[in-house]
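Read the structure below first, then the notes.
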Amino acid sequence: MRPSGRNLSQMRPISIETGVMRHAEGSCLIRCGDTHVLCSASIEDNPPRFLKGTGLGWVTAEYGMLPRATNTRNRREAAQGKQSGRTQEIQRLIGRSLRAGVDRVALGERQITIDCDVLQADGGTRCASITGGWVALRLAVNKLLGAGVLTSDPIVDHVAAVSCGIYAGQPVVDLDYAEDSEAGTDGNFVMTGAGRLIEVQMSAEGATFSRDEMGKLLDLAEAGIGELVSAQKAALE
């Protein structure tokens, strides 16, 4: 039995509210159970220096967690003068994941930055950031298309992410903190709406896992991604 009472393949309740930030070109608040992440997209007309003159655009991300997003207060990283290794790793993952769903030639020489701020954490914050970040990106690109700045849509597919793991000897989807902190195996799966894999992060936290177990986790992830993509579509309608 999972601590939340969910069955092995049951996702947490998902909601995505768009247009929550007045000034951002795209924004949403995604809630995956008790994990809440505010995502915004900002468009800059200039690409990073290393892309000037290449005709290619860029999508990047920044990630942060509010001090009381967890059960104890964390110091703001700005106050410490540097980002933690965890923060840097997560925001690079978000950026890589979102770029995989974008035709950078069609985007042109501009940069879109996705900011993901965790308001409340209960496991799966990086996955929620990717899923919500894609919605913010989609909204920002829609503005460029609507204004005639872009002549073709640079977004080639949905991008979403979900965590899966082995908890109490059973493969489960969408781990909350109680499961994540005790899981023998923990993984994050990033996929497109068509079911193509973008990135898989898997590690044996407390016990090794078999190829068969990996396959079961992938099956759970694929079904979970389908639910997340449906939520993205519903939020954009």
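Every number in this text was worked out from the coordinates using simple rules, so none of it is lab data. Remember, it's a predicted structure, so these values are computed and weren't measured experimentally. In this analysis, Cβ positions are derived from the backbone assuming ideal geometry, glycine residues included, and neighbour counts consider all displayed protein chains.
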With the crude spin-label approximation of a point 7 Å out along Cα→Cβ, what separation in nm comes out for L145 versus R49?
3.4
With both partners inside the stretch 1-116, how many of the DSSP beta bridges are antiparallel, as a percent to the nearest 5?
75
Mind running the shape call on the stretch 14-236? Use the C-alpha gyration tensor, a ≥ b ≥ c as the square roots of the eigenvalues: rounded below 1.5 for a/c, prolate if a/b tops b/c, oblate otherwise.
prolate
Antiparallel content of DSSP bridges confined to the stretch 14-236, in %, to 5
85
Just want the answer: with Cβ charges of +1 for Lys and Arg and -1 for Asp and Glu, which residue in F50, G184, S15 is farthest toward the dipole's positive end in the stretch 14-236?
F50
Relative to the longest principal axis of the chain, what angle (0 to 90°, nearest 10) does the C-alpha long axis of helix 125-146 take?
20
As a footprinting exposure proxy, order I43, I225, I130 by other Cβ within 10 Å, with the fewest listed first.
I43, I225, I130
Given Cβ point charges of +1 (Lys, Arg) and -1 (Asp, Glu) and nothing else, what value in debye, to the nearest 20, does the dipole of the stretch 159-206 about its Cα centre take?
300
Considering the zone a paramagnetic label at A204 would reach in this model (a point 7 Å from Cα along the Cα-to-Cβ line), which residues of the stretch 160-179 have amide N under 19 Å from it?
164-172
